[in-house]
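Presented below is the structure to which this report refers.
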Amino acid sequence: MLELPSERVGLGLGEKWRSFMTPYVRFMYIYKRPEQCPAHTVPYLDREPLKAMGYYPNSKESSISGRRTWHLFLFIKGTIFFCSILYAAFESLDNAVELGRDLAFIIASFFIYFKLIYFLLCADKVDEVIDGLEECYRWERTGPAAAGVRSAKRLHYLIIMGMQMIWMVSMFVFIVLLMSTPLWTQQDLPFHASYPFHLQDPSRHPRTHILIYLSQCFDICYFLTWLTCTECLSVSIYSELTAALRVLCVELRHLHQFCNGDEDLLRSESHRLVRFHQKIIRLVDRCNEVFHAPLIMQMIVNFLLVSLSVFEAMMARHDPKVAAEFILLMFLALGHLSMWTKFGDMMSQQSIEVAEAAYEAYNPSVGTKEIYFNIRFIIMRAQKPLIMRAIPFPTFNMINYKAILNQCYGILTLLLNTLD
């Protein structure tokens, strides 16, 4: 049957919109049906919005006709935008507040540009990690632990997707504030930018000014939405590893109930759980390897943004509108860093709890030495917590998060004392 012409126009925007909204529509479906368990991991679902936006440059997506042209267009747009705000910063050297605002957006824009390059080079590696998580997601077996496993998976899905929806709404508010900046400030554009021949000046070039405004609005909407989706994907990968560890704990605690004294079954199940634990450990190591550069960049960018936004909010305290913008930027940066450190902490804590669950499964009165060597092996491996880390930077956990905040406060105090 032939497609109607109306179904072929618009570059398939309707289909792309449905694909973009798939994770959030599935959230409402799962939430309203307590008996339902997600069919896929959260990272698998988080990958769909990136594909719908046209920039998830793995081998399969890059082979689609016209996709490389779109990638090139985005790189050109990003380069023009970054160069324009970088050049404009030299015009703000006499105004500390304006210079701080320019620097904040230069740092954020550089981070987005870095993520564009990162996914261009490493999208296939991210796919390998997601495929590994999908294998772990289907590792469990039917039995007494099945209900607890489904419950753990469903709860994890609802919590992570709920947090991602809140994050998307917060970013939407931030995007609206940026796009409406000319309405409540003296700026003519959402971002302070400078172009050759003063093309951004509305009094000299009104038409090009409108085009630049629309171009910046596109950049704001597309790149910030894309960045939020990439961060949701990256964080959900580590949270999914935490969920896999939680599933392992549930299965260890139901091991004897499932085997019911059958030594052969107990032997095969203990081997399976050792392999499951080993696969999770390898996935954590692989994630730290694949996300090494982004983790370093996130630590640096968030540290700079928190320090700069707090300082500029203090400098602009006599202008509530400008101060509010920097305070919102500070909360976004803090929320971003808090989310990463909290999930790093949760993964480490859950990896230690595997040893406790394995100890509960240890019963020398049933089974052979080989069986309990496997359980002791799990206990031994679980003594060393799994961590989210990018060498040479410290581990992503709440202790180091507080240390970063202390450093930000120290820098803020030094800057304020210097200006006084």
* Selection count where residues are farther than 16 Å from N374 by Cβ, open to solvent by 70 Å² or more (accessible area, probe 1.4 Å) and either modelled with pLDDT under 80 or among the polar types (S, T, N, Q) (or both), scope the stretch 245-264 -> 2
* Of the residues that make up the stretch 59-82, is at least one open to solvent by 10 Å² or more (accessible area, probe 1.4 Å), touching a Ser or Thr at 6+ places or on another chain (Cβ under 7 Å) and closer than 25 Å to Q164 by Cβ? -> no
* **Leading residue by the ranking (farthest from L266 (Cα to Cα)) among those in the stretch 104-151 that are of a type in the set (F, W, Y) and either open to solvent by 70 Å² or more (accessible area, probe 1.4 Å) or out of contact with any Gly (no Cβ under 8 Å at 6 or more places or on another chain) (or both)** => F105
* Structure fact -> Per the filter on the stretch 32-59, residues over 18 Å from L133 (Cα atoms) and more than 22 Å from the chain's Cα centre (by Cα) are K32, R33, P34, E35, Q36
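Any residue that is open to solvent by less than 40 Å² (accessible area, probe 1.4 Å) and more than 19 Å from T341 (Cα to Cα) - is there at least one of those in the stretch 229-241?
No, the conditions are met nowhere in the stretch 229-241.
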* Asked: Name the pairs whose Cβ atoms lie under 7 Å apart, with the first residue in the stretch 133-146 and within 18 Å of H254 (Cβ to Cβ), the second open to solvent by 20 Å² or more (accessible area, probe 1.4 Å) and not in a loop (DSSP other than H, G, I, E, B), and 6 or more positions between them or separate chains?
  -> C136/K279; G143/F258; P144/Q257; P144/F258; A145/V250; A145/F258
* Among (1) surrounded by 15 or more Cβ atoms within 10 Å (Cβ to Cβ); (2) farther than 30 Å from D264 by Cβ, which single condition is I375 missing? -> (2)
* Asked: How many residues are surrounded by fewer than 23 Cβ atoms within 10 Å (Cβ to Cβ) and over 12 Å from S236 (Cα atoms) if we restrict to the stretch 28-53?
  -> 17
* Asked: Hey, does the stretch 314-332 have a residue that's in contact (Cβ under 8 Å) with a residue 40 or more places away in the chain, over 30 Å from F172 (Cα atoms) and within 28 Å of the chain's Cα centre (by Cα)?
  -> no
* Asked: Pick from Q200, Q186: which is more than 30 Å from E35 (Cβ to Cβ) and open to solvent by 70 Å² or more (accessible area, probe 1.4 Å)?
  -> Q186
* To do: Hey, could you check the stretch 164-207 for residues that are small (G, A, S) and in a loop (DSSP other than H, G, I, E, B) and say which is nearest to I106 (Cα to Cα)?
  => A193
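The values are calculated or read from the model by the stated rules, or taken from the named source; none is laboratory data. It should be emphasised that the depicted structure is a prediction, and the values quoted were computed from it without experimental measurement. We place every Cβ from the backbone using ideal geometry, glycine too, and count neighbours over all the protein chains shown. The accessibility values were calculated without ligands, DNA or RNA, using every heavy atom of the protein model including side chains. Shrake-Rupley method; radii C 1.70, N 1.55, O 1.52, S 1.80 Å.
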